[in-house]
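Report on the following structure.
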Amino acid sequence: MKNYTSINDIDNIGVWIKEAKMLKADPYIYKGLGTNKTIGLFFFNASLRTRLSTQKAAFNLGMNTMVMNVSGDAWGIEFGDGTIMNGTTAEHIKEAAAVVSQYCDIIAVRAFPTLSDKEKDESEYILKSFIQYATVPVVSMESATEHPLQGLADAITISEHSISKRPKVVLSWAPHVKSLPHAVANSFIQSMQKMDVEFIITHPKGYELNPKITKNTTVSYNQEEAFKDADFVYVKNWSSYSDYGKVLNTDSNWMVTKNKLGNAKFMHCLPVRRNLIVEDAVLDGENSLVIEQANNRTYAAQLVLKKLLENG
Amino acid sequence: MKNYTSINDIDNIGVWIKEAKMLKADPYIYKGLGTNKTIGLFFFNASLRTRLSTQKAAFNLGMNTMVMNVSGDAWGIEFGDGTIMNGTTAEHIKEAAAVVSQYCDIIAVRAFPTLSDKEKDESEYILKSFIQYATVPVVSMESATEHPLQGLADAITISEHSISKRPKVVLSWAPHVKSLPHAVANSFIQSMQKMDVEFIITHPKGYELNPKITKNTTVSYNQEEAFKDADFVYVKNWSSYSDYGKVLNTDSNWMVTKNKLGNAKFMHCLPVRRNLIVEDAVLDGENSLVIEQANNRTYAAQLVLKKLLENG
Amino acid sequence: MKNYTSINDIDNIGVWIKEAKMLKADPYIYKGLGTNKTIGLFFFNASLRTRLSTQKAAFNLGMNTMVMNVSGDAWGIEFGDGTIMNGTTAEHIKEAAAVVSQYCDIIAVRAFPTLSDKEKDESEYILKSFIQYATVPVVSMESATEHPLQGLADAITISEHSISKRPKVVLSWAPHVKSLPHAVANSFIQSMQKMDVEFIITHPKGYELNPKITKNTTVSYNQEEAFKDADFVYVKNWSSYSDYGKVLNTDSNWMVTKNKLGNAKFMHCLPVRRNLIVEDAVLDGENSLVIEQANNRTYAAQLVLKKLLENG
């Protein structure tokens with residue numbers, strides 16, 4: 001593994017989950033691995049969990065950390081090839097990525113989609129440019145279409161809380177007032193497709209995700225039916241994929257309630273809008289795993305950094 | 001002590017001052033205490049001294065540090081109970097505090113008052129919510145109504161510079177153009193009430209502080225009289241408490257001058273507006289303790305962090 | 001050396017370059033030197049390379065780092081003497097620098113010029129005030145008129161890539177759409193004046209730099225002639241010095257091309273605007289040293305910090 005930008009970079013998710021659990025049990029065992037190693041965290045967008053858990057993972061490995069909000073701390077980065085740079089961008093990614101590679105042993109990048117230009121978003125030009133021009137490993141802290149550290153943390157969490165051999169896992173759309181990315185849903189789907197689970201997606205018509213991601217996963221437009229006998233219900237809003245980036249409806253009937261959930265464990269990547277995505281009673285109840293999911297972000301990141309440091 | 005959010009959390013100020021002086025004399029003696037421990041510094045408001053001295057204190061104890069400007073680096077946090085979150089806030093403090101507790105061994109928070117809604121400010125809802133939902137100790141880096149790291153640093157400074165057995169200490173209001181919080185004054189008052197000093201507050205009529213804080217401390221409307229034979233004059237502006245948050249006057253007669261001060265030591269928490277709060281001659285003169293007060297912020301913070309780490 | 005704010009602070013550039021190369025060969029050899037030492041990086045302006053390479057240099061020496069965007073993280077700093085501070089600035093540099101000196105063993109500052117007030121810029125009031133009121137060493141991370149960490153990194157780079165005994169080095173102006181500082185050009189000139197090189201400056205009429213800096217260095221208005229038989233061509237835009245801060249022209253004939261460059265090595269401090277300052281073919285070609293220059297920023301900074309720590 002040269003970079004970690006997708007759930008597809010995981011060769012054997014069962015082995016990875018096992019390793020992550022070992023790190024969680026004994027977080028400082030590889031502290032020597034990061035001696036004299038530095039990770040640079042570059043944010044094109046806001047972050048709370050990812051910012052802190054990735055730093056914490058680096059600390060656990062004994063690494064130095066440098067954090068930058070790219071636009072706020074520096075200036076606009078140009079990604080276009082052959083551009084005459086007489087506009088607002090001041091530095092080309094060709095230089096930026098190559099230069100930063102000399103100060104960092106690992107580069108971590110967060111860059112959200114536009115949600116207005118599908119082709120541009122799907123090109124993953126920011127992440128791909130970093131990979132192309134960096135000379136050190138690149139880790140995605142959520143790109144336009146994937147959030148693989150979240151997807152890995154989710155897999156760890158499901159593994160920890162499974163009581164049946166082959167649990168039923170549901171990914172459900174829920175309403176939101178803003179246009180949100182598909183990245184978390186995509187990475188969760190890819191993650192579940194690698195695990196031995198019964199997996200089903202449920203959402204209103206029009207919210208079909210990228211078929212290249214969903215593949216042959218069952219999709220139901222009937223949330224109630226989908227939730228039946230579920231062991232885990234993963235809830236997330238996303239904007240329309242076909243009518244790209246649009247909020248087609250904010251139907252509160254799709255909000256997840258304690259009643260709907262039954263005995264299933266509740267999962268969400270956070271941040272979550274209470275009483276819009278899910279009612280208080282779920283988040284404040286015993287079946288919520290959201291805090292544990294966030295906890296596992298540290299060990300997902302730590303496992304990825306460990307693997308990249310060991311390769312280096 | 002589970003959290004440090006008030007001078008009232010100090011059980012014996014004499015013992016604390018003694019311990020702080022020991023840390024100041026030998027700052028790295030407890031460096032092993034912070035190994036594999038992380039402090040998260042969360043700023044809802046601007047900070048210079050607090051930001052740097054608290055980090056420095058953590059370094060002295062061997063801790064890792066993570067610093068966030070909450071709104072700039074992440075997003076708006078919701079504090080209301082039961083809110084339907086379809087507005088501008090993206091994450092509830094219930095999740096935020098619980099999640100962050102998993103990445104940090106100590107959470108430090110700065111959150112200023114509105115100075116427009118007295119009840120809201122006095123509820124200390126931001127700090128209280130962190131305490132309620134965090135699972136690790138919380139340190140106030142200045143809340144709506146108190147600034148206990150400053151108050152402790154001030155007590156240390158007075159102890160260091162006392163030549164008489166029971167010094168006379170004056171807290172004086174001084175003019176300012178903006179509406180300022182009561183937190184520094186409140187914590188200084190609480191701090192002096194715990195020490196063996198002759199303590200008097202002086203301010204123009206209308207600037208009476210919260211009587212639950214001032215209690216039976218003598219208040220004089222005559223600055224000149226109050227300053228007589230003072231050993232320490234602590235100067236600070238605050239907005240009206242009764243006519244909440246209002247700037248009633250900016251009477252430059254209340255500005256502190258070298259002449260008024262006489263032989264008394266001058267104290268201020270900084271930042272201080274020169275020639276508005278106090279004239280240059282005082283700050284540039286030998287009787288100013290303001291730089292030493294700021295220095296003691298490190299050891300006040302270090303003592304608090306040390307105590308919390310030892311409890312943990 | 002008490003502070004490092006100018007190429008003039010280098011006593012023997014040959015010895016410094018040799019030492020920097022030793023650090024580059026073995027970056028962690030002095031890691032004990034920074035134990036319990038903290039550097040504070042204070043940015044009045046945006047930064048990418050300087051921010052990261054100076055932190056990296058500090059890590060290599062085992063130092064703790066604290067980074068602040070002064071205006072964003074804290075508040076406006078007052079530099080005027082005797083000012084009645086009833087305006088927008090909240091803290092005087094007298095206090096700020098003295099206070100920060102207590103939390104930091106070295107203070108590093110970046111503060112760009114106004115490019116509208118020549119006298120103010122040339123007074124270097126921000127940097128000079130830090131030096132005046134700080135009680136620890138001050139390092140310039142680019143001031144109004146000089147960028148000495150860049151100038152040192154450039155000297156190291158030229159030394160590494162010289163094949164002739166006395167290489168010909170050209171500093172060439174190139175067009176830009178915005179008004180840019182003279183600092184990089186000034187420090188490069190001072191650096192070359194200390195080295196055993198054949199040095200010539202070329203720019204359009206009206207772009208003459210400060211004669212106190214250029215001294216008796218040859219200046220040509222003919223870029224083609226200047227480039228003849230050059231070993232190194234250092235390219236940089238700057239605004240007019242005589243017609244202070246003005247962009248007199250953006251003549252694309254002065255853009256540097258592969259054809260113009262011939263066999264000369266290409267240098268630029270970065271960020272560089274592609275196809276405005278220099279065409280893609282140069283930056284993407286084998287003769288570009290820009291990435292290596294940026295790499296040497298780490299060792300230039302590390303050498304400076306090492307010297308200051310050894311003095312302390």
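Quick notes
- Choice from A:ILE189, A:ILE84, A:ILE39 with maximal GNM fluctuation in chain A (Cα, 10 Å cutoff): A:ILE84
- Violating pairs (Cα-Cα greater than 27 angstrom) within the set A:LYS94/A:LYS120; A:LYS306/C:LYS306; B:LYS56/B:LYS120; B:LYS212/B:LYS246; A:LYS37/B:LYS31: A:LYS306/C:LYS306; B:LYS56/B:LYS120
- Cα pair distances exceeding 16 angstrom across segment A:44-104, given as percent: 57 percent
- For segment A:198-247, the orientation-averaged shadow of the C-alpha convex hull comes to 3.7 nm² (one quarter of the hull surface).
- Between segment A:203-279 and segment A:78-137, the Cα center-to-center distance that results, in Å: 32 Å
- Cα-based helix-to-principal-axis angle, B:148-161 vs chain B, degrees rounded to 10: 40 degrees
- Under the combined filter of DSSP loop state and at most 15 neighbouring Cβ atoms within 10 Å, segment A:1-107 retains these trypsin sites (Lys or Arg not before Pro): A:LYS2.
- In chain B, the longest principal axis of the Cα atoms and the axis of helix B:49-60 are about 60 degrees apart.
- Dipole in debye (nearest 20) - segment C:150-293, about Cα centre, beta carbon charges: Lys, Arg +1; Asp, Glu -1: 360 debye
- The angle separating the long axis of helix B:183-193 from the principal Cα axis of greatest extent in chain B is about 70 degrees.
- Qualifying chymotrypsin sites (Phe, Trp or Tyr not before Pro) in segment B:4-43, where qualification requires a DSSP coil assignment and no more than 16 other C-beta atoms within 10 Å, comprise B:TYR28.
- Of the beta bridges in segment B:171-290, as assigned by DSSP with both residues counted there, near 0 percent are antiparallel.
- Rg and Dmax of segment C:150-293, both derived from C-alpha coordinates alone, stand at 13.7, 39 Å.
- Applying Stokes-Einstein at 4 °C and 1.567 mPa s to the Kirkwood radius of segment C:71-133, computed over alpha-carbon pairs, gives a translational diffusion coefficient of 102 µm² s⁻¹.
- Semi-axes of the equivalent ellipsoid of the protein assembly as shown are 44, 44, 24 Å, computed as sqrt(5λ) over the eigenvalues of the C-alpha gyration tensor in descending order.
- In a DSSP loop and with at most 14 other Cβ atoms within 10 Å, the trypsin sites (Lys or Arg not before Pro) in segment A:125-232 are A:LYS165, A:LYS178, A:LYS205, A:LYS215, A:LYS228.
- A compact globular protein would have a Cα radius of gyration near 2.2 N^0.38 Å; the ratio found for chain A is 1.00.
- Taking all pairs of distinct alpha-carbon atoms in segment B:1-116, Kirkwood radius in angstrom: 16.4 Å
- Across chain C, the relative contact order, built from alpha-carbon pairs under 8 Å that are at least six residues apart, equals 21 percent.
- Highest-fluctuation residue, B:ASP196, B:ASP284, B:ASP154 considered, GNM on chain B with Cα pairs under 10 Å: B:ASP284
- Candidates C:MET85, C:MET192, C:MET66, ranked by Gaussian network fluctuation over chain C, Cα under 10 Å, top entry: C:MET85
- Alpha-carbon centroid distance for the pair segment C:1-69 / segment B:1-29, whole angstrom: 34 Å
Where a number appears in this text, it was derived from the coordinates with a stated rule and is not lab data. Because the structure is predicted, anything quoted here is derived from the model rather than measured. Counting neighbours? That spans all protein chains shown, and the Cβs are built from the backbone with ideal geometry, glycine included.
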